[in-house]
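Taking it in order: structure first as structure tokens, then the write-up.
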Amino acid sequence: MHISQEQQTAVRRWKLGHHVFHLHLTVMNTYLTSLQKCVEERDWQATRPLLDTLSRLYGAATSCMRYASDFPATAYESLIRPSMEPPWLNPGFSGKFNTDHERMLHLMRTIRTGLKSAIRAGSVPEDVERAATRLWRAQSQNRASHKLICEKFVPGGQSLLQDYFNANANA
């Protein structure tokens, strides 16, 4: 099988972007664990710099996703997506099964709940509240960027996991 220059670039970007994204995810989880402790202990002085760092890490992770997907949809369709299907990977492969990503989402939900509760109670300094808002905005921008990337490669389509569930439901 001959791989075009476009496909070579796609594979390189896809792999490198995802590897760097995973490094960001690992660092984010470390900071999130520290942040969770600070929020639980109401250590607002230590909370704000952690929120700021996590906002920057979210922005960097979003940039990694954009880099990883900066190639034509034809390369995704012809090479990248098929590499995530059998026989290369199990049916229904999804990044949702990444345990580090699940941990990050769990930590973010826990922290958000604790911070929002403290904000409603009026016990959070204004600068910490603003930093939390910046983090939530960075997370929201990350999700929106991911949705745009998905739409670019599978316009109106479904993920491999959704395809798998639909195929099994119809079987």
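Which residues, taken from the stretch 73-99, are within 15 Å of E151 (Cβ to Cβ) and under 21 Å from the mean Cα position of the chain (by Cα)?
Step one: of the stretch 73-99, the residues within 15 Å of E151 (Cβ to Cβ) are 73, 76-77, 81.
A73, Y76, R81 - these are the residues of the stretch 73-99 that are within 15 Å of E151 (Cβ to Cβ) and under 21 Å from the mean Cα position of the chain (by Cα).
What about S55, is it in a helix (DSSP H, G or I) and open to solvent by 50 Å² or more (accessible area, probe 1.4 Å)?
On the way: in a helix (DSSP H, G or I): yes; open to solvent by 50 Å² or more (accessible area, probe 1.4 Å): no.
For S55, the condition - in a helix (DSSP H, G or I) and open to solvent by 50 Å² or more (accessible area, probe 1.4 Å) - is not met.
Select, from A46, A60, the only residue that is free of Cβ contacts under 8 Å to residues at least 40 places away in the same chain, more than 20 Å from V154 (Cα to Cα) and touching a Cys at 6+ places or on another chain (Cβ under 8 Å). I'd like the intermediate steps shown before the answer.
Details: A60 fails: touching a Cys at 6+ places or on another chain (Cβ under 8 Å).
It is A46.
Within the stretch 118-169, restricting attention to residues that are among the hydroxyl-bearing types (S, T, Y) and open to solvent by 40 Å² or more (accessible area, probe 1.4 Å), which residue is farthest from Q45 (Cα to Cα)? Steps first, please.
To start, the set of residues in the stretch 118-169 that are among the hydroxyl-bearing types (S, T, Y) comprises 123, 133, 140, 145, 159, 164.
Now drop any that are not open to solvent by 40 Å² or more (accessible area, probe 1.4 Å), which leaves 123, 133, 140, 159, 164.
Working: S123: 13, T133: 16, S140: 25, S159: 42, Y164: 47 Å.
Restricting to residues being among the hydroxyl-bearing types (S, T, Y) and open to solvent by 40 Å² or more (accessible area, probe 1.4 Å), the top hit is Y164.
If we scan the stretch 18-32, do we find a residue that is of a type in the set (V, I, T), at pLDDT below 95 and surrounded by fewer than 17 Cβ atoms within 10 Å (Cβ to Cβ)?
Step one: filter the stretch 18-32 for residues of a type in the set (V, I, T), giving 20, 26-27, 30.
Then keep just the ones that are at pLDDT below 95; that gives none.
Looking for residues that are of a type in the set (V, I, T), at pLDDT below 95 and surrounded by fewer than 17 Cβ atoms within 10 Å (Cβ to Cβ), one finds none in the stretch 18-32, hence no.
Of all residues in the stretch 86-109, how many are open to solvent by 60 Å² or more (accessible area, probe 1.4 Å) and of a type outside the set (F, W, Y)? Talk me through it step by step, then tell me what you get.
As a first pass, look at the stretch 86-109 and keep what is open to solvent by 60 Å² or more (accessible area, probe 1.4 Å): 86-91, 93, 96-97, 99, 102-103, 106, 109.
Next, only the ones that are of a type outside the set (F, W, Y) stay: 86-87, 89-91, 96, 99, 102-103, 106, 109.
Selection size over the stretch 86-109: 11.
Could you count how many residues in the stretch 13-46 are over 26 Å from T99 (Cβ atoms) and part of a helix (DSSP H, G or I)? Spell out how you get there, then give the answer.
Here is the first cut: in the stretch 13-46, the ones over 26 Å from T99 (Cβ atoms) are 41-46.
Still in the running and part of a helix (DSSP H, G or I): 44-46.
Count: 3.
Check the stretch 71-83 and report whether any residue there is modelled with pLDDT of 95 or more, surrounded by 14 or more Cβ atoms within 10 Å (Cβ to Cβ) and assigned to a loop (DSSP other than H, G, I, E, B).
yes
Mind telling me which of the residues L115, L89, L135 ends up being modelled with pLDDT under 95 and hydrophobic (A, V, I, L, M, F, W, C)?
L89
Report every pair of residues separated by at least 6 positions or lying on different chains whose Cβ atoms are under 6 Å apart, first residue within the stretch 90-106 and on the phi > 0 side of the Ramachandran plot, second surrounded by fewer than 12 Cβ atoms within 10 Å (Cβ to Cβ).
none
The values are calculated or read from the model by the stated rules, or taken from the named source; none is laboratory data. Because the structure is a prediction, the values reported are computed rather than measured. Cβ atoms come from the backbone with ideal geometry, glycine included; neighbour counts cover every protein chain shown. Keep in mind that these areas ignore ligands, DNA and RNA; they rest on the heavy atoms of the full protein, side chains included. Shrake-Rupley method; radii C 1.70, N 1.55, O 1.52, S 1.80 Å.
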